[in-house]
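Colleague: Sharing a structure here in structure tokens format.
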Amino acid sequence: MPVTGTRTVYLQTFGCQMNELDSELVRGQLAALGYSFTPDADAADVVLYNTCSVREQAENKVLSRVGKIGIRKREGARVVLGLIGCLAEREGTALLRRFPQIDLLCGPGELDRLPMLIDNALKTETVEAADRVALAGNRSRRTATLAAAADNLELLDLSRAFDPDGGGSGGSGGTGGPRRSAYVRITRGCNKFCTYCVVPFTRGAEVHRPPDAIVLECRRLADGGVVEITLLGQTVNHYLYTHGVAMGVNGQEVPQVGPGGSAFTRSGGPRGANGRRVTTFADLLGRIHEEVPSLQRLRFVTCYTRDFGDDILRVMRDCPRICRYLHVPVQSGSDRILRLMNRGYTSGEYLEFIDRARDLLPDVSIAGDVIVGFPTETEHDFGQTADLLGRVRFKNNFIFKYSPRPGTTAWDRLPDDVPTDVKRRRNNDLLALQAGISAAVHAEQVGRTVEVFVEGVSRKGASRAAGRVELGWERPRGRIQMSGRTAGDLITVFDLPQDGKPEMLQGRIVPVRVLRASALVLFGRLEAATLPPAKQPAAVHRARPSSGITQLEIS
Ligand code: SAM
Ligand code: SF4
């Protein structure tokens, strides 16, 4: 295929927030090179799937699309098909043998090389396979030294061209209308090696970005009108940057590998680093709060129970614009299963953390993740998980059936011995239990006024899956319902006033009186007598429309 004119790209994202952010960076990178984007895969010159490998189901979704493109190609369609992200990294070149319709592969650690791969694939179909593949492979754990300066991904993050008209990333509400939320990566990769998880293999070793770069990125986003920033890392509380050891040629600090669990005391605080100055996660939060005063909301995911110090909780308590929301996956309530998972904490330690968090932040909202049917899980183990859900009173839980992942320790050493129907039943039982808990947690908000960050018009007869429970509210005929989230991440819907237009509210934080609640949604009424003025007061930012080109599919 010769390289002429503007090439169009269709990009679809599967998986987690990290993938959403990667897709945003890919889009910025390709747009700067003159590519345009289309929401229609059939009309694109280049189809890119940003893939997830955390569960088999996520992989199957992508592979069925790959199969369909194979049929189109056999019928004569001239399209470049690229797989980027975790599936590409995990399966590697075996994918090219299995699916010859795939033209290029790019792992999440090599995204800066994607334009070159696309260019090669567009120029000629005869380019060697080696020139259409960029994978970290066994180099993914190469960063054994403190400095990770050779990490070109940092350049990709730094060169981020956030387009306030392009919708950015983050948030998940509404129907693709304007949004003013963004993700900012603080840590890449993971060093924990939970026995079920592919992430350390697909995303490599834990690398921490320099705090100055993170603060600068947050400031730029807020100056561009972003209302809410979510900091991203697999275990954000393990963020720890040691100053003065990893410098780039221009004298600026560069990313560095994570220090490992021994850098934290049992109570969660970081140990001294041979007298060197460090920036902890608590310091980082405090800096962003102080140095980016125009930012309305700061949140972060994902937390790791172990090493979550009171210093972080105190910063959350003392900084009003940091959301009192913690996503702290527990995975299981059984100590035996937690040990087999290599999680590094007991259920008692998890509960101790929750108590500590609620002592310091009585109104904190807590979400979690649970895996059912992990190898050897008995009814007794499962019962302990159910008990723990009742104790913690999560606002919601993402409940997953264990999915054996090639390359992980569990895949190698622990037969997947819980039958599928038992996994399904335990999954359904926990969903039902959690639905009751969520309903009670949401009901506590009735009668209160909550601050809602308006994400968009709520989907028609919305049936957005959350933890695989259907939300199931119906939009009353003739009325427009808006959808957003509270600081505690509770989805809230309310009617647009008769004289209002969605874009007058989208991207703003507005007061909503909660009238009733279901297990997953608060229903309310806009408190303000009038719609916010077009000119923003200091506390409110106006959103601009999203192009809605990157399609998100969260599994
Ligand atoms: N770093 C986060 C943590 O430590 O909790 C989680 C990141 S992981 C990408 C997201 C969630 O996927 C996990 O919390 C876990 O519940 C689920 N998950 C990961 N591997 C899985 C597997 N093999 N089978 C089922 N669920 C899995
Ligand atoms: Fe996976 Fe465990 Fe790392 Fe989370 S902490 S990304 S579950 S290995």
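Colleague: Just give me the residues in the stretch 316-348 being more than 13 Å from ligand 1 (Cβ to nearest atom), in contact (Cβ under 8 Å) with a residue 40 or more places away in the chain and closer than 21 Å to residue 300 by Cβ, in sequence order.
Modeller: 316, 317, 323, 324, 325
Colleague: Let me ask you something else. Are any of the residues in the stretch 76-87 in a helix (DSSP H, G or I) and at pLDDT below 90?
Modeller: no
Colleague: Pick from the stretch 169-205 the residues that are surrounded by fewer than 21 Cβ atoms within 10 Å (Cβ to Cβ) and more than 16 Å from ligand 1 (Cβ to nearest atom): which of them is modelled with the highest pLDDT?
Modeller: It comes out as 176.
Colleague: Continuing with this model, one more query. Restricting attention to the stretch 410-428, which residues are surrounded by fewer than 16 Cβ atoms within 10 Å (Cβ to Cβ) and part of a helix (DSSP H, G or I)?
Modeller: Listed by number, the residues that qualify are 412, 413, 420, 421, 424, 425, 428.
Colleague: Taking the stretch 325-346 as the region of interest, how many residues are buried (at least 21 other Cβ atoms within 10 Å of the Cβ) and either away from ligand 2 (no atom under 14 Å from the Cβ) or part of a helix (DSSP H, G or I) (or both)?
Modeller: Summing the residues that are buried (at least 21 other Cβ atoms within 10 Å of the Cβ) and either away from ligand 2 (no atom under 14 Å from the Cβ) or part of a helix (DSSP H, G or I) (or both) in the stretch 325-346 gives 7.
Colleague: Assess whether residue 281 counts as being more than 30 Å from residue 372 (Cα to Cα) and within 16 Å of ligand 1 (Cβ to nearest atom). Before you say what the answer is, go through the steps one by one.
Modeller: Working: more than 30 Å from residue 372 (Cα to Cα): yes; within 16 Å of ligand 1 (Cβ to nearest atom): yes.
Yes; evaluated as a whole, the condition is true for this residue.
Colleague: Here is a follow-up. Of the residues that sit in the stretch 191-216 and are more than 10 Å from ligand 2 (Cβ to nearest atom) and assigned to a loop (DSSP other than H, G, I, E, B), which one is farthest from residue 236 (Cα to Cα)?
Modeller: 204
Colleague: Any residue in the stretch 298-313 that's closer than 16 Å to residue 206 by Cβ and modelled with pLDDT of 95 or more: show its pairings with residues that are assigned to a strand (DSSP E or B) and more than 13 Å from ligand 2 (Cβ to nearest atom) at Cβ separation under 8 Å, as long as the two are six or more apart or on different chains.
Modeller: Pairs that qualify, where the first residue is closer than 16 Å to residue 206 by Cβ and modelled with pLDDT of 95 or more and the partner is assigned to a strand (DSSP E or B) and more than 13 Å from ligand 2 (Cβ to nearest atom), are 300/230; 300/231; 301/230; 301/231; 303/326.
Colleague: Also, I was wondering about something else. List every residue pair whose Cβ atoms sit under 8 Å apart, with the two residues 6 or more apart in sequence or on different chains, where the first one lies in the stretch 376-402 and is more than 26 Å from residue 489 (Cβ to Cβ) and in contact (Cβ under 8 Å) with a residue 24 or more places away in the chain and the second, anywhere, is within 16 Å of ligand 2 (Cβ to nearest atom) and among the hydrophobic types (A, V, I, L, M, F, W, C).
Modeller: Every condition considered, the pairs that remain are 376/337; 376/340; 376/414; 377/337; 381/337; 382/372.
Colleague: At least 1 residues that are modelled with pLDDT of 55 or more in each: list the strands (runs of 3 or more DSSP E) lying fully within the stretch 442-555 that qualify.
Modeller: 449-457, 481-485, 491-495, 509-517, 522-526
Colleague: Limited to the stretch 396-405, what total is found for residues that are surrounded by fewer than 22 Cβ atoms within 10 Å (Cβ to Cβ) and more than 15 Å from ligand 2 (Cβ to nearest atom)?
Modeller: Residues in the stretch 396-405 being surrounded by fewer than 22 Cβ atoms within 10 Å (Cβ to Cβ) and more than 15 Å from ligand 2 (Cβ to nearest atom): 1 in total.
Colleague: Quick one: residue 54 ticks every box in (1) within 16 Å of ligand 2 (Cβ to nearest atom); (2) in a helix (DSSP H, G or I) except a single one, so which number is it?
Modeller: (2)
Colleague: Any chance you could count how many residues in the stretch 281-306 are under 21 Å from the mean Cα position of the chain (by Cα) and outside any helix (DSSP H, G or I)?
Modeller: 12
Colleague: Quick check: anything in the stretch 381-395 closer than 20 Å to residue 193 by Cβ and either surrounded by fewer than 21 Cβ atoms within 10 Å (Cβ to Cβ) or within 16 Å of ligand 2 (Cβ to nearest atom) (or both)?
Modeller: So far as the stretch 381-395 goes, no, none of its residues is closer than 20 Å to residue 193 by Cβ and either surrounded by fewer than 21 Cβ atoms within 10 Å (Cβ to Cβ) or within 16 Å of ligand 2 (Cβ to nearest atom) (or both).
Yes or no, residue by residue, for (1) without any contact (Cβ under 8 Å) to a residue 40 or more places away in the chain; (2) more than 19 Å from residue 405 (Cα to Cα); (3) crowded, with 22+ Cβ neighbours inside 10 Å; (4) of a type in the set (A, V, I, L, M, F, W, C):
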position	(1), (2), (3), (4)
24	no, yes, yes, no
28	no, yes, no, no
50	yes, no, yes, no
53	no, no, yes, no
57	no, no, no, no
60	yes, no, no, no
63	yes, no, no, yes
105	yes, yes, yes, yes
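Colleague: Moving to a separate point now. Quick one: in the stretch 307-320, of everything that is part of a loop (DSSP other than H, G, I, E, B) and either away from ligand 2 (no atom under 16 Å from the Cβ) or of a type in the set (Asp, Glu) (or both), which residue is nearest to residue 235 (Cα to Cα)? Walk me through how you get there before you give the answer.
Modeller: Start the filter on the stretch 307-320 by keeping residues that are part of a loop (DSSP other than H, G, I, E, B), which leaves 307-309, 319-320.
Now drop any that are not either away from ligand 2 (no atom under 16 Å from the Cβ) or of a type in the set (Asp, Glu) (or both), which leaves 307, 309, 319-320.
On the way: 307: 10, 309: 13, 319: 21, 320: 23 Å.
Within the stretch 307-320, the match that is nearest to residue 235 (Cα to Cα) is 307.
Colleague: So, one more: Return yes when residue 368 is buried (at least 23 other Cβ atoms within 10 Å of the Cβ), modelled with pLDDT of 95 or more and more than 23 Å from residue 300 (Cβ to Cβ) and no when it is not.
Modeller: Working: buried (at least 23 other Cβ atoms within 10 Å of the Cβ): yes; modelled with pLDDT of 95 or more: yes; more than 23 Å from residue 300 (Cβ to Cβ): no.
The answer is no for residue 368.
Colleague: In the stretch 148-168, is there at least one residue being within 16 Å of ligand 2 (Cβ to nearest atom) and either surrounded by fewer than 21 Cβ atoms within 10 Å (Cβ to Cβ) or modelled with pLDDT of 95 or more (or both)?
Modeller: Checking the stretch 148-168: not a single residue is within 16 Å of ligand 2 (Cβ to nearest atom) and either surrounded by fewer than 21 Cβ atoms within 10 Å (Cβ to Cβ) or modelled with pLDDT of 95 or more (or both).
Colleague: With respect to residue 419, determine if the residue is free of Cβ contacts under 8 Å to residues at least 12 places away in the same chain and within 16 Å of ligand 1 (Cβ to nearest atom).
Modeller: Working: free of Cβ contacts under 8 Å to residues at least 12 places away in the same chain: yes; within 16 Å of ligand 1 (Cβ to nearest atom): yes.
For residue 419, the condition - free of Cβ contacts under 8 Å to residues at least 12 places away in the same chain and within 16 Å of ligand 1 (Cβ to nearest atom) - is met.
Colleague: Would you mind stating whether residue 361 is within 16 Å of ligand 2 (Cβ to nearest atom), surrounded by 16 or more Cβ atoms within 10 Å (Cβ to Cβ) and not acidic (Asp, Glu)?
Modeller: Considered against the rule, which asks whether it is within 16 Å of ligand 2 (Cβ to nearest atom), surrounded by 16 or more Cβ atoms within 10 Å (Cβ to Cβ) and not acidic (Asp, Glu), residue 361 comes out as no.
Colleague: In the stretch 357-409, what count of residues is obtained for those that are in a loop (DSSP other than H, G, I, E, B) and small (Gly, Ala, Ser)? Break it down into steps so the answer makes sense when it comes.
Modeller: Filtering the stretch 357-409 for residues in a loop (DSSP other than H, G, I, E, B) gives 361-364, 373-378, 393-395, 402-408.
Filter once more, so that each one left must be small (Gly, Ala, Ser): 373, 403, 407.
Total meeting the criteria: 3.
The values are calculated or read from the model by the stated rules, or taken from the named source; none is laboratory data. Keep in mind the model is a prediction, meaning the values are calculated, not measured. Here the Cβ is made from the backbone with ideal geometry for all residues, glycine too, and neighbour counts use every protein chain on show.
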